[in-house]
Amino acid sequence: MQKLVTFLFFLVLPWISNAQQFVANYDEAKVPVFTLPDVLVFNNGTLVKTKKDWDRRRNEIYTIFEKEVFGVVPEWKGNVKSTIVSQKADAFGGIAKRKEVRLDFMNGDRKVSVMVLIYLPQNSKNAPVFLSYNFDGNHTTTLEPDVLMPDSWVANNKTFGIEDNRANEKGRGAAVSRWPIIEIVSRGFGVATVYYGDIDPDFDDGFKNGIQKLFDSKRDSTSWGSIAAWSWGLSRVMDYIETDKDMNAERVIMMGHSRLGKTSLWAGASDERFAMVVSNNSGCGGAALSRRKFGETVGRINTAFPHWFCDNYKKYNLKEELMPVDQHELLALIAPRPVYVASAAEDLWADPKGEFLSCVFASPVYELLGMKGLPSNVMPALSSPLAGTIAYHIRPGKHDVTPYDWQCYMDFAADYFKLKK
Ligand code: GTR
């Protein structure tokens, strides 16, 4: 009998510990007391005092994020060819000019194609451009009938009428509430968007599909996950932008929502050509402090999305306190460039307070570099943005990108790039 009980105990143990990962805490009183790694202290305990010191400390932090969180990008031995597949001089009744550019990634006989949809104001040469992935295809971001839809794998989605992992006409314009392109262009900004699944389809496929199949390296516990692959893809779009005479590559703003907000933070940290980074509701693995274990946790995200991060990240499932970094240091990697973090009041899964505190604890790096960090240590009221070189707002409502969010990002970017308001 005793043997049977022991046997049954060990049988259910993995289930119990798995279930533990799934129980989200939403009670502030149950947030553990924690000590964050000090962003301005070297791994060996000495203090970071000068800008030069920061360059070395930045490398330390970057390497930890690479090897323990997002994964290392292997050497790219292929090449990328860009082709303009369509151009329209008078999109939206003449407000914008539009381009679709195909990037063909090739390595030997292996190929992956990615479509970039670009809207620019007529007077475009100096326009800051929001570069942002979309979730379901370029055609979902606009009502224009001739924008191409992806032929790569897309997630099934009832709202978009997708049942066979293929995009179809029902999705056209289905995400326009998140893409106020006319307003964006009217304010003097451009938009460049790419369906993220063109770079890597978002399911656990053992890295056999998407861009990873074009790399030859063997995988280990530090190998890149999908977020690093999506970030790498953004840098390749940046390579294209550098060649486009209608665009100014020094004014590219990385913007991303949710998993793509995590992606934009890592892309901004990895590639200093991005002039500004916007993280919309990025939560766990993005802007939210992991040690708070509030809402989504490291264990939960690694269980639900085992392909997003490197395998080493799984060491911290239920053990966030052992992480050699926390997410305020991800924001600090973007310094001195501006970064905007936004939360939604009902999006507790993404831990708004943890997102706010990351901004607070990243601020000393901005200050060391002579920039203003977040101007307050007190969480602001709803819809009352705080803006230094780090900016933050929390708005009412759910996990989403709203016209209000865009308005805040454009106000912030207009100030930074000195656009007329
Ligand atoms: C959720 C995930 C979040 C966030 C979100 C999204 O399921 O738990 O981390 O990334 O998806 O991307 O919409």
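Couple of notes before you dig in:
- Going through (1) in contact with a Phe, Trp or Tyr (Cβ under 8 Å, 6 or more places away or on another chain); (2) buried (at least 18 other Cβ atoms within 10 Å of the Cβ) one by one, Ala344 falls short only on (1).
- Matching residues, the stretch 290-312, being part of a helix (DSSP H, G or I), within 13 Å of the ligand (Cβ to nearest atom) and out of contact with any Ser or Thr (no Cβ under 6 Å at 6 or more places or on another chain): Ser290, Gly299, Arg300, Ile301, Asn302, Thr303, Ala304
- Residue within the stretch 83-90 that is in contact (Cβ under 8 Å) with a residue 40 or more places away in the chain and either in contact with a helix residue (DSSP H, G or I) (Cβ under 8 Å, 6 or more places away or on another chain) or surrounded by 17 or more Cβ atoms within 10 Å (Cβ to Cβ) (or both) present: no
- When the residues of the stretch 91-111 are filtered to those that are touching a helix residue (DSSP H, G or I) at 6+ places or on another chain (Cβ under 7 Å) and in a strand (DSSP E or B), the one that is nearest to Ile182 (Cα to Cα) is Ala96.
- All strands (runs of 3 or more DSSP E) inside the stretch 172-289 with 1 or more residues being polar (S, T, N, Q), touching a His at 6+ places or on another chain (Cβ under 9 Å) and within 16 Å of the ligand (Cβ to nearest atom): 276-280
- Test: residue in the stretch 108-123 that is of a type in the set (Asp, Glu), modelled with pLDDT of 95 or more and surrounded by 22 or more Cβ atoms within 10 Å (Cβ to Cβ): no
- Ser343 vs. criteria within 16 Å of the ligand (Cβ to nearest atom), in contact with a strand residue (DSSP E or B) (Cβ under 7 Å, 6 or more places away or on another chain) and either more than 28 Å from Pro201 (Cβ to Cβ) or modelled with pLDDT under 95 (or both): yes
- Only residues that are buried (at least 20 other Cβ atoms within 10 Å of the Cβ) and within 28 Å of Leu265 (Cβ to Cβ) were counted across the stretch 131-174, and they come to 19.
- Which numbered condition Phe130 fails, given (1) in contact with an Asp or Glu (Cβ under 9 Å, 6 or more places away or on another chain); (2) within 23 Å of Trp232 (Cα to Cα): (1)
- Filtered residue count, the stretch 343-400, keeping only those that are more than 22 Å from Glu28 (Cβ to Cβ) and in a loop (DSSP other than H, G, I, E, B): 10
- Selection of the stretch 348-369 for residues being without any contact (Cβ under 8 Å) to a residue 40 or more places away in the chain and not β-branched (Val, Ile, Thr) yields Phe356, Ser363, Tyr366, Glu367.
The values are calculated or read from the model by the stated rules, or taken from the named source; none is laboratory data. Predicted model only: the values in this text are computed from it and were never measured. With ideal geometry, Cβ positions are generated from the backbone for all residues, glycine too; neighbour counts draw on all protein chains shown.
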